[in-house]
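Below: the structure, in structure tokens.
The values are calculated or read from the model by the stated rules, or taken from the named source; none is laboratory data. In this text, all values refer to a predicted model and were calculated from it rather than measured experimentally. Counting neighbours? That spans all protein chains shown, and the Cβs are built from the backbone with ideal geometry, glycine included. In case anyone asks, the SASA skips ligands and DNA or RNA and just uses the protein heavy atoms, side chains included. Shrake-Rupley method; radii C 1.70, N 1.55, O 1.52, S 1.80 Å.
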Amino acid sequence: MKTIKDLLVSYAKYNLWANTALLEAIHKLDSKQIESEINSSFKSIRKTAFHIWDAEYVWLNRFKGNSLPFMTKDLPAETPIGSFIEGAKAFVDYVEKQDDSFFTGITIFKDISGKEHNMDNAGMLMHCMNHSSFHRGQIVTMLRMLGYEGEMPRTDMIVYLREMSS
């Protein structure tokens, strides 16, 4: 039987795998497509990808005891593709290094408005990975709306689990 740590490490690894698959598709786009405004939570593929990276960065810092008073406001001139993957790898590395008590423990942090929260680590980790899945799905929809002609990235967790079991 898997432990909660095993399951959450797997979830973090899935997140890295899915982010990588999505970025492979984004790399095939030209800058006009990446910047095209589309009616979604964030107005372009680049802004949505940046939000995924930024949120993962904020949550990882919260786990490490650093309550950031902001999410990054300034979108860099270029999509932080390398940073996007490095951030997801940092999450995997961090989660793998934790002992079992971390996953049943809590983290105290302040949100971006300064309000303090006490939250269980397992729930926070699941939220962060689920949040990224939600926005990856939006990017897939944006790709379809832009007429993306490549193979659509398959970022479902079942695809990841099948690949890992073969």
Springs between alpha-carbon pairs under 10 angstrom, Gaussian network model over the chain: which of LYS115, LYS89, LYS97 fluctuates most?
LYS115
Send over a whole-number figure in Å² for the accessible area per residue of the chain, probe 1.4 Å.
55
Sorted by packing (mean other beta-carbon atoms within 10 Å per residue), highest first, where do 29-37, 5-13 land?
5-13, 29-37
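Roughly to the nearest percent, how much of the accessible area of the chain is carbon and sulfur, given a 1.4 Å probe?
The computed percentage sits at 53.
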When only alpha-carbon atoms count, how far does the chain stretch along each of its three principal axes, as whole angstroms with the largest first?
47, 44, 23
By its C-alpha gyration tensor, with a ≥ b ≥ c as the square roots of the eigenvalues, how is region 94-142 shaped: rounded for a/c under 1.5, else prolate for a/b larger than b/c, else oblate?
oblate
Electrostatic dipole magnitude of the chain [Cβ: Lys, Arg +1; Asp, Glu -1; Cα centre; debye, to 20]:
200
Backbone HN-Hα couplings from phi across region 101-118 [Karplus 6.51/-1.76/1.60, Hz, Gly and Pro as x]:
5, 4, 6, 9, x, 10, 10, 9, 8, 10, 6, 5, 8, x, 6, 7, 9, 10
